[in-house]
Amino acid sequence: MDIFKVVKTIRWTTGWLSVEQLDQAKERDANLKNLSDTKNLFEKALEGTELETGSDDEDPEVKAAARTRDADKFATDDQKKAELSPENWAENIMVKLICDAATNPKAVRKVVKKALGKPKSRDRVRAMLKKVMEGYNAINEKNKEMRKRGEGDEHATFTDLMAQLIYLVPTVAGTVLDLLLDEDEINQEMKDEKDLKNHIRIKGVFMNDPMKCVYAGKEQWKNKVKLLRRGRDPDVYEVRRYKCLLPNVLDLDLIQAMAYTNNVEIFAKKSVQAILYCAWRKLMVHAVKIQTFLALVDLLSVLAWGMTTEKGSVFDRLLWNETHDDKDPEWLKENGYSSTIWQEGSAWEHVYAYGSPRHAPSVWNILAASTLRQFINFVWKTCSWHQRQQAAMEAQTKSGLQFMGYIWGHYAYFQMILNADLFLFFSKLIFLCFTFGRKEEVMTGFEQAALSGTFSLTLIGLLSPFRVVACKVSLSLMAIKRAVVNPDVLHFFTFLFVMFSFFMFAWGIVDRENTLLCAFVQGFRGLVVGDGDGMDLMGMKTDDKTVQNDEAHKFKAAFGILGMILFFSYLMNLLIAIFSNTYEEADKMVWLYFHQARAQDLRENILGLHKFRRGGHFMMLMDKLNLTDHFEKPKALYLGIAMFGVGFVIQFGVHLLPEHIFVREWVFYVTTLVSIILLTLGATFMEASVYAPGDGEQDWFPAEDNPTTDHYMYVFCRSDFDSNLFLGTEELDREMEEAQRRVKKMHDKIDNLTEVLKECLPAIPAPPKEEMKQQEQGDG
């Protein structure tokens, strides 16, 4: 297989592995080569099912029980036939599936669909996955023993392999995760209860969720969910109970693979949504509340600064009931400026009347603390990413596969950090630098523009945590975003922009009056918006005298008419039609994009905000100082609120008291610095407290993938859950698919019957050709 040569080349040329690690990987590569002639678990499950027959009159429960027994026997026999330990057999099963997905993903998707289309092969796949999980449970126990002895893990974890499978074939990986949701396991744990209630209350803030999930150890989940009987409460739904056979499924590698994938259809899978809902209810809801509060503080602070004029009351700009002259000479003289300061010096130094005060220390401190907190989170996120990258390289050594390096590669990192938060950080940083230590009274025009940009980006930053809240507004915003970034829209918009630019350049050759910038602005108003002033510039306003005196005006008018027909009448309507079509398509699959946005937010929060993770360098230091309990729930939250509150109260003193009250200038600056540090640490502690484990609780996302106790995910999913709803499949399309499925099933039965008849009935010799001709002539 060519994949193994590629793996070795990438390892050696990129320097991901040392020489010792390469020697260790040789044994893994040899094992992978031995798998090249074997079949993956879906292909094995199809063996012997081509002639599968059965009576439709047979009791379905009896048939299901028989298939289950056959599947268990098949999985056990396959394990024995391999002559391997359960651990190695389980690892080979998963590695073989990943290798096939890397070499021919289309064939893998086809065989998976075929295997799951037959009850017998589907039960075999489920039984083999249970055996695989038993093998990996043994691997986990072996890894724990090796860690206790101070040795490294010998095998890659199941979640590492599943993350690579998501990277290669997301829909197949989602199918495997769905097959790991077992109903019999949880019903077995509930067998001692006399009344098996199958209803649960699922209540959301704006919209009700399709499921409720619990992440806990065995027997602990019963105290975290309340099952009910059916009642009249509209928020009580009938549910189906599942237990995920994969322990510690809330794994950062899985979440990163989901956040990084381009195939969003995986988010229609029940198991994938369960992972996200499990983390959402327990962690992300509180994180969104805190992030929204901090964004509101920044937004109101910037708004207060921008809507307050020099020597005016707070928000006095909002109370204007008449227009003001931004070049008012009296106002400028009252504030110590010349009456023509708005045109003196460079463009960076122009000052206009009724501008905002440059010296606002309280608001400057709040913005400085917010910027410093963003910088800390960014650095922490980058360091956490580097740690996960190193762990991915180790996982590659254990499994012999290189795809973890792509999941945690440099391209994925830059894709994560290039968002609105990065632009907001630099916007605030630039504005703070321009206003730092400046005692001049009024902002320049450039500083006022920078403050306006900071406010706009802060507003976008406020919408960032809100976009993962399930409501109609966030879903509409998500659909608009996906429609705007759709390749069809972007490509046509690029073509439109190039055409418009060339058209305006050509216009500038004829027009000798206006600047190029003015021509572009007025051209946009005329050709795109259809504004009258823009149309006048393009020669639409004319009279006989103008035509006689200006020969070029005839060309301008003809050129303008051509531009109006091309841009305003044709291209703009075509752009609207393309955008409407892409918005309709995005709206159908908006839930899939919504869940991916949650996965991306969860990944960034874990990397950037989970600072009190157990096993990390910071918590190890706190453990030496016997201060660990101060960084656990709920103490970390209370400590953060206290520090943020004290820092915020100090700002009132900084704002209300004149600076000469502080006696010395350095006292004022020390007070300012202390308040910034308190605000920064308080906000950082509040954000980090969400993901900090409580006293006696296990960290869901530790620094290393070595949880001390296994947690399982218990899913209580509404019985009317339908993945087609999230895929945007229309009801008519579903009926057509169902009809095609039934026709295909009928054809399969006919083919199976034909094969059976060929085997059972003796071969009948065909009559001689002369007799056939005579018979045909007699019939004629």
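The values are calculated or read from the model by the stated rules, or taken from the named source; none is laboratory data. These numbers were taken from a predicted model, which means no experiment stands behind them. Don't worry about glycine lacking a Cβ; one is built from the backbone with ideal geometry, like all the others, and counts go over all protein chains shown. Protein only, heavy atoms only, side chains kept; ligands, DNA and RNA dropped before computing areas. Shrake-Rupley method; radii C 1.70, N 1.55, O 1.52, S 1.80 Å.
Results, tabulated for the structure shown:
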quantity: Stretch gain in nm, segment S313-H630, where the contour uses 0.36 nm per residue and the Cα spacing is subtracted; calculated: 109.9 nm
quantity: Modelled FRET efficiency - R0 56 Å, I509 with C471, Cβ distances, 0.05 increments; calculated: 0.60
quantity: Carbon/sulfur fraction of accessible area - the stretch 221-380, other protein chains in place, 1.4 Å, %; calculated: 54 percent
quantity: Average accessible area per residue (Å²) across the stretch 373-460 - probe 1.4 Å, nucleic acids and ligands excluded; calculated: 45 Å²
quantity: Links that overshoot a 32 Å alpha carbon limit, given the list K131/K635; K131/K398; K218/K611; K110/K398; K96/K269; calculated: K131/K635
quantity: Surface accessible to a 1.4 Å probe, E134 within the full protein complex, Å²; calculated: 110 Å²
quantity: Solvent-accessible surface ranking, highest first, for E145, E632 at 1.4 angstrom; calculated: E145, E632
quantity: Per-residue HN-Hα couplings for the stretch 252-258 [Karplus 6.51, -1.76, 1.60; θ = phi - 60°; Hz; x = Gly/Pro]; calculated: 5, 5, 4, 5, 5, 4, 5
quantity: Residue-normalised accessible area of the stretch 220-300, expressed per residue, 1.4 Å probe, Å²; calculated: 41 Å²
quantity: The stretch 324-364 residues near the modelled H655 label - backbone nitrogen below 18 Å, point 7 Å along Cα→Cβ; calculated: 356-364
quantity: Subset of K270/K744; K106/K270; K144/K633; K80/K130 violating a 18 Å alpha-carbon distance limit; calculated: K270/K744; K106/K270; K144/K633
quantity: Accessible surface, per residue, of the stretch 97-160 when the full set of protein chains is kept, probe 1.4 Å, Å²; calculated: 46 Å²
quantity: Ranking by accessible area, most exposed first, for R201, R718, R482, R232 with a 1.4 Å probe; calculated: R232, R201, R482, R718
quantity: Probe 1.4 Å, all protein chains present, accessible-area order of V484, V489, largest first; calculated: V484, V489
quantity: Added length on full extension, which subtracts the Cα-Cα distance from 0.36 nm per residue, K588 to E697; calculated: 35.2 nm
quantity: Two-site FRET efficiency, F524 against R664, from Cβ-Cβ distance with R₀ of 41 Å, rounded to 0.05; calculated: 0.15
quantity: Rounded percent of accessible protein surface that carbon and sulfur make up, the stretch 602-691, 1.4 Å probe; calculated: 74 percent
quantity: T382-H324 FRET efficiency (beta carbon distance; Förster radius 56 Å; 0.05 resolution); calculated: 0.75
